[in-house]
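The structure under discussion appears below in the form of structure tokens.
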Amino acid sequence: HRFDITDYLIEGENLLAVKVHKFCDGTWFEDQDMIYDGGIFRDVYLTSEPLVKIEDYVVVTDLDENYENAVLSLTADVRNLSTKAQSGWTIDVQAFDEAGNDILGGAVLPVDHVDSEGMSTFAIDIDVEKPELWSAEKPNLYALVLTLKDGEGKVVEILTTQLGFRE
């Protein structure tokens, strides 16, 4: 689960406390085929996000009829939680192969304007020559890296995922 605790934070030091509800003795009788773990048994993280961020993105890879070249289509939703409009931002789009080469050639998606406390959608199509294709026999994957930069070129956010080219 994710919880937004922004409204509960105060300037300076904060105390984060978690209340754990344990199961009673009778739980074993109710579900004898289940084992219940009491307490927190997974890692817990406290993270922060920038006021302007990539809220969501969609990547579609479309191969040509010969399965040689492709078009990578990226659509990104950028959210602005600040009180003033933002413009002049960019999203650097990179896809790295196993050798660390960027097959997209330094593509940049301009983020022209995002209203204050609003969200805007931006899209780009990038031609990719002869990408290594993904298949069950050879699951070739690229590391897709999206880097959001402000108007001064300062890195604000970096997102990454695995990307395969297939039809």
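The values are calculated or read from the model by the stated rules, or taken from the named source; none is laboratory data. This one's a predicted model, so the numbers in the text were calculated from it and none came from an experiment. FYI the Cβ positions are ideal-geometry reconstructions off the backbone, even for glycines, and counts take in every protein chain you see. For the accessible areas, the whole protein counts, side chains as well, though only heavy atoms, and no ligand, DNA or RNA atoms are used. Shrake-Rupley method; radii C 1.70, N 1.55, O 1.52, S 1.80 Å.
Determine the sum of side-chain charges near Thr61: Lys and Arg each +1, Asp and Glu each -1, restricted to other residues whose C-beta is under 9 angstrom from that of Thr61.
That sum, taken over residues with Cβ under 9 Å, equals -1.
Pick out, in residue order, every one of the chymotrypsin sites (Phe, Trp or Tyr not before Pro) in segment 64-133 that is DSSP loop and has at most 15 other C-beta atoms within 10 Å; say none if there are none.
Tyr67
Along its three principal axes, how long is the chain when you only count alpha carbons? Whole Å, largest extent first please.
64, 49, 26
Which whole-Hz couplings ³J(HN,Hα) result when phi for each residue of segment 106-111 is put into the Karplus expression 6.51 cos²θ - 1.76 cosθ + 1.60, θ = phi - 60°, listed in order with x for Gly and Pro?
Whole-Hz 3J(HN,Hα) from phi for segment 106-111: x, 5, 10, 9, x, 9.
With contacts defined as alpha carbon pairs under 8 Å and 6 or more residues apart, what's the relative contact order of the chain in percent?
21
Considering only protein heavy atoms and a probe of 1.4 Å, how much of the accessible area of the chain is carbon and sulfur, as a whole percent?
49
Given the -39500 (n - 2.57) contribution per DSSP H run of 4+ residues, what per-residue ellipticity at 222 nm results for the chain, rounded to the nearest 500 deg cm²/dmol?
Here the helix-only value at 222 nm equals -500 deg cm²/dmol.
Taking only protein heavy atoms into account and a 1.4 Å probe, give the accessible area per residue of the chain in Å².
75
What are the residues whose amide H is under 5 Å from the amide H of Ser82, where those residues sit 5 or more places off or on another chain and H is modelled from the backbone?
Answer set, sorted by chain and number: Glu117.
Lys53: which lysines have alpha carbons under 30 Å from its alpha carbon, excluding same-chain residues fewer than 8 sequence positions away?
Lys84, Lys149, Lys154
Given H placed 1.01 Å from N in the peptide plane, which residues other than close sequence neighbours of Trp89 have an amide H under 5 Å from its amide H?
Val111
Each label point is 7 Å from the Cα along the Cα-to-Cβ direction; what then is the distance between the points at Phe41 and Arg2, in nm?
2.6
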